[in-house]
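Coordinate-derived values only; no laboratory data. If you're wondering where the values come from, they're calculated on a predicted model, not measured in any experiment. Don't worry about glycine lacking a Cβ; one is built from the backbone with ideal geometry, like all the others, and counts go over all protein chains shown.
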Amino acid sequence: MVSLCSEFLHAGTDTTSTALQWIIANLVKYQQIQEKLFVEIKGVVHDGEENIKEEQLQKMLYLKAVILEGLRRHPPAHFVLPHAVTEDVILGTYVVPKDATINFMVAEMGWDPEVWEDPMAFKPERFLESEAETFDITGSREIKMMPFGAGRRICPGYGLALLHLEFSLLIWVSL
Ligand code: HEM
């Protein structure tokens, strides 16, 4: 029970706070992004309003885009937990032998210039053009980035993490 609680506390706090720190660092660096976010928030949350509801968050597509861009550009976990293959697998020209430990280059996937235009730039707009509302962070349709992993062992806390990030960033920017 102690190790389960410890795992949840570590897996859930370091990651979320690291993501938030990187996002805020980018908002300090790129004031025009912060301004645009501020304007969006003020359009949905009224002055003095304290009990912000999840339905209000759903209207803030730029907020979601900023968070997705933060997770793409600065994923808190550059690797997932080690995985293993249960049988020999042929991957392109490679053989991955049964029981071999494998991992994924999470950060590099989000920086792949064949998938992302100008990948090292912090541009939340890239998620607005098509998909801030519907971007498939679980990678069940296609994997363009995987800050929470993908498949059966995906981070079980990803929904909570996104909600925390959205509420926290909203409060920081609108204070
Ligand atoms: C921005 C925040 C977070 C990020 C980027 C993140 C990322 C990840 C990643 C990459 C993994 C490994 C997935 C794999 O091995 O394929 C993972 C596992 C895990 N995460 Fe998160 N996580 C976050 C927040 C949270 C939160 C809030 C919780 C719980 C409240 C949590 C609980 C866990 C647990 C328990 C595992 C291990 C799952 C397993 O062993 O199958 N994470 N997370």
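For residue 59, the aspartates and glutamates whose Cα comes closer than 12 Å to its Cα, not counting residues fewer than 8 places off in the same chain, are 40, 133, 166. Looking only at 58, 34, 21, which one moves most when the chain is put into a Gaussian network model with springs between Cα atoms under 10 Å? In the Gaussian network model the winner is 58. Using a Gaussian network model of the chain whose springs link C-alpha atoms within less than 10 Å, name the residue from 159, 70, 48 with the highest mean-square fluctuation. So, out of 159, 70, 48, the one fluctuating most is 48. Take the cross-link list 98/144; 53/123; 29/64 and give me the ones stretching past 25 Å between alpha-carbons. The pairs that break the limit, which is 25 Å between Cα atoms, are 98/144; 53/123. Hey, if you drop one equal point scatterer on each alpha-carbon of the chain and run the Debye formula without solvent, what base-10 log of I(q)/I(0) do you get at q = 0.10 Å⁻¹? Debye curve over Cα of the chain, log10 I(q)/I(0) at q = 0.10 Å⁻¹: -0.44.
When the chain is treated as a Gaussian network with alpha carbon springs shorter than 10 Å, the biggest mean-square fluctuation among 74, 83, 164 belongs to 83.
Applying the criteria of a DSSP loop state and at most 14 other Cβ atoms within 10 Å to the chymotrypsin sites (Phe, Trp or Tyr not before Pro) of segment 54-120 yields 79.
I'd like the distance separating the alpha-carbon centroids of segment 142-162 and segment 1-67, in whole Å. When both Cα centres are located, 17 Å separates them. Report the calculated FRET efficiency for residue 94 and residue 136 (r = Cβ-Cβ distance, R0 = 30 Å), to the nearest 0.05. E(calc), rounded to 0.05, equals 0.65. Sorting 120, 146, 109, 1 from the fewest to the most surrounding beta carbons within 10 angstrom yields 1, 120, 109, 146.
How big is Rg to Rh over segment 89-170, alpha-carbon atoms, Rh as the Kirkwood inverse-mean-distance radius?
Details: Rg = 15.3 Å, Rh = 15.0 Å.
Answer for segment 89-170: 1.02.
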